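> Below: one structure in structure tokens.
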Amino acid sequence: VAAPPFAFRGSALDRARALECLTTAIYYESASEPDAGQRAVAQVILNRVRHPAFPATICGVVYQGSERAGCQFSFACDGAMARIPSRNGWARALHNAALMLGGTVEAQVGTATHYHTYAVTPAWNRQLVMTAAIGAHFFHRWKGFWGTPASLSQPYRGGEPLPGPH
């Protein structure tokens with residue numbers, strides 16, 4: 001079941017910060033993926049923003065745990081951001097981020113709140129339900145109520161923190 005479209009309700013400053021954080025995550029997590037793969041990564045982030053188990057802002061989700069090793073998105077704590085993005089790759093990530101903030105839904109991901117590449121098999125994936133395989137990523141949702149569209153009930157709170165690791 002597809003997640004509902006994300007309805008951004010924030011200030012112009014919130015939108016600018018959210019767009020930067022979402023673009024950064026798309027770029028560093030899936031720059032070499034097809035557009036559907038980039039949008040799928042963004043869908044997971046937007047699903048997390050609306051899920052009560054995660055922060056209620058886009059930058060909050062993207063940089064959750066970045067102050068320590070083992071953060072939510074590895075690029076935020078492993079030094080990958082030291083790589084300067086390619087101009088074309090960043091433009092494509094920005095385009096896909098803007099689409100997703102505008103309400104586009106990557107339906108095949110459904111209500112997934114987790115993903116990983118085919119190169120790793122994290123222990124947590126055994127407790128989740130795989131929803132899709134797109135490009136080099138596998139997408140997963142929780143079992144039971146927490147994996148349903150109804151679980152995506154946390155309102156976006158605005159007040160995006162400064163983009164970047166903590």
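> In the set Arg15, Arg50, Arg39, Arg9, which member is at pLDDT below 95, farther than 17 Å from Pro85 by Cβ and among the basic types (Lys, Arg)? Don't jump to the end; show me each part of the working.
On the way: Arg15 fails: at pLDDT below 95; Arg50 fails: at pLDDT below 95; Arg39 fails: at pLDDT below 95.
On inspection, the qualifying residue turns out to be Arg9.
> If you take the residues in segment 50-84 that are over 16 Å from the mean Cα position of the chain (by Cα), of a type in the set (A, V, I, L, M, F, W, C) and part of a loop (DSSP other than H, G, I, E, B), which one is farthest from Ser151 (Cα to Cα)?
Ile84
> Okay, moving on. Go through segment 137-163 and give me each residue that's surrounded by 15 or more Cβ atoms within 10 Å (Cβ to Cβ) and within 24 Å of Tyr28 (Cα to Cα).
Within segment 137-163, His137, Phe138, Phe139, His140, Arg141, Tyr156, Gly158, Glu160, Pro161, Pro163 qualify.
> If you go through segment 107-135 one residue at a time, how many are in contact (Cβ under 8 Å) with a residue 60 or more places away in the chain, outside any helix (DSSP H, G or I) and open to solvent by 20 Å² or more (accessible area, probe 1.4 Å)?
Total meeting the criteria: 3.
> Do you know which residues across segment 25-49 are farther than 14 Å from Ala112 by Cα, open to solvent by 10 Å² or more (accessible area, probe 1.4 Å) and in a helix (DSSP H, G or I)?
Passing the criteria: Tyr27, Tyr28, Glu29, Asp35, Ala36.
> Which one is surrounded by the most Cβ atoms within 10 Å (Cβ to Cβ), of the residues in segment 64-74 that are modelled with pLDDT of 90 or more and over 14 Å from Ile45 (Cα atoms)?
Ranking the qualifying residues of segment 64-74, first place goes to Ser66.
> Shifting gears a bit: Which members of segment 116-166 meet the condition of being of a type in the set (Gly, Ala, Ser) and within 16 Å of Leu46 (Cα to Cα)?
Passing the criteria: Gly147, Ala150, Ser151, Ser153, Gly158, Gly159.
The values are calculated or read from the model by the stated rules, or taken from the named source; none is laboratory data. Computed from a predicted structure; not experimentally measured. Counting neighbours? That spans all protein chains shown, and the Cβs are built from the backbone with ideal geometry, glycine included. Areas reflect the complete protein model, heavy atoms only, side chains present, ligands, DNA and RNA absent. Shrake-Rupley method; radii C 1.70, N 1.55, O 1.52, S 1.80 Å.
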